[in-house]
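**Student:** Can you keep this structure in mind? I'll have questions shortly.
The values are calculated or read from the model by the stated rules, or taken from the named source; none is laboratory data. This structure is a prediction, so every number in the text was calculated from the model and none was measured. Using ideal geometry, Cβ is built from the backbone for each residue, glycine included, and neighbour counts are taken over all protein chains shown. For accessibility, only protein heavy atoms count, side chains too; no ligands or nucleic acids. Shrake-Rupley method; radii C 1.70, N 1.55, O 1.52, S 1.80 Å.
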Amino acid sequence: MKIGIVCYPTFGGSGVVATELGKALAKAGHQVHFITYSQPTRLDFFNANLYYHEVDIRSYPLFQYPPYELALASKLVDVVKYEKLDILHVHYAIPHASSAYMAKQILKTEGIEIPVITTLHGTDITLVGKDASYAPVVTFSINASDGVSAVSEDLRKDTYQHFKITNDIEVIPNFIDLDRFKKQKKEHFKTAICPNDERLIVHTSNFRKVKRVDDVVRIFKNIRKEIPAKLLLVGDGPERNNIEALCRKFGICEDIRFLGKLEAVEEVLSVADLFIMPSEKESFGLAALEAMACEVPVISTNAGGLPELNIHGKTGYLSKVGDIKDMTEKALDILDEKNLPTFKKNALARAKEFDITNIMPLYVALYEKVLTNTGKTETFSNKVL
Ligand code: GMT
């Protein structure tokens, strides 16, 4: 198949999922065309089946806001036509689904039928999408898609609850590449960070309010009172300065390191004992899955799709949003040397259920279903492997 993938090219979960899916599809022999405004962060590998098309955003003094959606729609028309794509798969509804809809309508006037699949990732529904400034367009473009998927059952439910959806939404969970995310021998790194064999706790996120990074610091402060421990904070975002200020206020800066945006987060996870994800909302929690694949148990909230990933009492624990006391107690339970090896083993076993080799075929099956429903079986069967 010739597949066009639209996503945010940044470190965010939706961009990571889109890029890793594209890479896996290319390895499986499909031709994959990424269409976005800059090279996706995880598109760090060469494969003859992978292509990248950059959206050219022209500004003009009249524009206070350059119209990215129009530039994207025009690029989609161009790439679908000249690369003869079979299907477009857009990740994150805003504005990708509506740009794809516009491209589809333009192509229709030229006799070209392009099916569109929209994958919902979370904040495009739960935070930004349901805001009145976007809701009518999000509703329309989900309903106008030829196929829709959501990364968890909870997100599917939320989407039906917040929008008037007439389309079927299929749940296809996020996945992990276990060849990349696995415990590696990085003992020198552990010794450098934890010279006295302290427990190592990690949090990675985009430091937005919804991630509640301040809760991570509060939990760590409590843990540190009980056992020797260090905290690594990976990522960057709007809350970073507030978090640094909080660490200073608590006087615990010497045990906390801010590592910024890291390419090889798996190296840090390889030496971690615990991952903390105290999010207010999380449709899936890809960062937690990455930790679990590196044998790191997870303390998370029970928000959104997290209970679909983190199994209470097995791979970690689930607590109510903001319940610092409970999360501290549960963290200490996991970090107890009698319990830690079992939690680590369970975390890895659970991560294996989300192996990309199990999940990628679900997307291929969705593509096949949509191509069949839109009457493109002939093109599809000619081009499928
Ligand atoms: O977490 C973010 O703010 C980034 C966001 C994104 O779209 O990149 O993540 C969402 O999509 C990820 C991949 O599907 C999910 O694992 C995250 O749970 C989800 N974030 C939220 O729902 C807050």
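**Student:** Need at least 1 residues that are open to solvent by 40 Å² or more (accessible area, probe 1.4 Å) per element, so show me which strands (runs of 3 or more DSSP E) inside region 26-95 make the cut, counting only ones lying wholly within it. Outline the logic, then answer.
**Tutor:** Numbers: elements: 31-36, 50-54, 87-91.
The qualifying strands (runs of 3 or more DSSP E) are 31-36, 50-54.
**Student:** If I ask for residues that are under 28 Å from Leu362 (Cβ atoms) and either of a type in the set (Phe, Trp, Tyr) or under 18 Å from the mean Cα position of the chain (by Cα) (or both), which ones from region 183-213 would you list? Talk me through it step by step, then tell me what you get.
**Tutor:** Our first condition is that a residue be under 28 Å from Leu362 (Cβ atoms); within region 183-213, this holds for 183, 204-206, 210-211.
The answer is Thr204, Ser205, Asn206, Val210, Lys211.
**Student:** How many residues, within region 338-356, are closer than 25 Å to Ile169 by Cα and either aliphatic (A, V, I, L, M) or at pLDDT below 95 (or both)? Give the steps one after another, and end with the answer.
**Tutor:** If we filter region 338-356 for residues that are closer than 25 Å to Ile169 by Cα, which is where we start, we get 350-356.
Remaining after also requiring either aliphatic (A, V, I, L, M) or at pLDDT below 95 (or both): 351, 356.
Number of matching residues: 2.
**Student:** Here is a further query. Filter region 144-162 for residues that are within 16 Å of the ligand (Cβ to nearest atom) and farther than 20 Å from Val17 by Cβ; which is surrounded by the fewest Cβ atoms within 10 Å (Cβ to Cβ)?
**Tutor:** As a first pass, look at region 144-162 and keep what is within 16 Å of the ligand (Cβ to nearest atom): 148-159, 161-162.
Filter again for farther than 20 Å from Val17 by Cβ, leaving 161-162.
Details: Gln161: 10, His162: 15.
Within region 144-162, the match that is surrounded by the fewest Cβ atoms within 10 Å (Cβ to Cβ) is Gln161.
**Student:** Sticking with this structure for a sec: So for region 56-67 (the condition being touching a residue at least 24 places away in the same chain (Cβ under 8 Å), away from the ligand (no atom under 14 Å from the Cβ) and in the same structural domain as Leu371 (by TED's automatic domain parsing)), does at least one residue qualify?
**Tutor:** Within region 56-67, the first condition is being touching a residue at least 24 places away in the same chain (Cβ under 8 Å), and the residues that meet it are none.
No, there is no match, as no residue in region 56-67 is touching a residue at least 24 places away in the same chain (Cβ under 8 Å), away from the ligand (no atom under 14 Å from the Cβ) and in the same structural domain as Leu371 (by TED's automatic domain parsing).
**Student:** What is the one condition in (1) within 16 Å of the ligand (Cβ to nearest atom); (2) over 22 Å from the mean Cα position of the chain (by Cα) that Gly129 does not satisfy?
**Tutor:** Of everything listed in (1) within 16 Å of the ligand (Cβ to nearest atom); (2) over 22 Å from the mean Cα position of the chain (by Cα), Gly129 misses just condition (2).
**Student:** Go through region 96-124 residue by residue and tally those that are of a type outside the set (A, V, I, L, M), assigned to a helix (DSSP H, G or I) and within 16 Å of the ligand (Cβ to nearest atom). Steps first, please.
**Tutor:** Applying the first criterion (of a type outside the set (A, V, I, L, M)) to region 96-124 yields 96, 98-99, 101, 104-105, 108-111, 113, 115, 118-119, 121-124.
With assigned to a helix (DSSP H, G or I) added as a condition, the list becomes 96, 98-99, 101, 104-105, 108, 123-124.
So of that shortlist, the ones also within 16 Å of the ligand (Cβ to nearest atom) come out as 96, 123-124.
So the count comes out to 3.
**Student:** Right, another one. Does any residue of region 128-137 turn out to be touching a Gly at 6+ places or on another chain (Cβ under 9 Å) and either closer than 24 Å to Met1 by Cα or not β-branched (Val, Ile, Thr) (or both)?
**Tutor:** So far as region 128-137 goes, yes, one or more of its residues are touching a Gly at 6+ places or on another chain (Cβ under 9 Å) and either closer than 24 Å to Met1 by Cα or not β-branched (Val, Ile, Thr) (or both).
**Student:** Now, a different point. In region 185-227, what count of residues is obtained for those that are surrounded by fewer than 15 Cβ atoms within 10 Å (Cβ to Cβ) and farther than 15 Å from Arg257 by Cα? Steps first, answer last, please.
**Tutor:** Taking region 185-227 as the starting set, the residues that turn out to be surrounded by fewer than 15 Cβ atoms within 10 Å (Cβ to Cβ) are 185, 187-188, 191-192, 195-197, 209, 225-227.
Okay, now just the ones that are also farther than 15 Å from Arg257 by Cα, so 185, 187-188, 196-197, 209, 225-227.
Here the count works out to 9.
**Student:** When the residues of region 242-265 are filtered to those that are touching a Gly at 6+ places or on another chain (Cβ under 9 Å) and not hydrophobic (A, V, I, L, M, F, W, C), which remaining residue is most open to solvent (accessible area, probe 1.4 Å)?
**Tutor:** Lys261
**Student:** Let me ask another. Hand me the list of strands (runs of 3 or more DSSP E) wholly inside region 125-242 holding 2 or more residues that are of a type outside the set (A, V, I, L, M, F, W, C). Reasoning before the result, please.
**Tutor:** Details: elements: 147-150, 199-204, 229-234.
Once the strands (runs of 3 or more DSSP E) in region 125-242 are filtered for at least 2 residues that are of a type outside the set (A, V, I, L, M, F, W, C), what remains is 147-150, 199-204.
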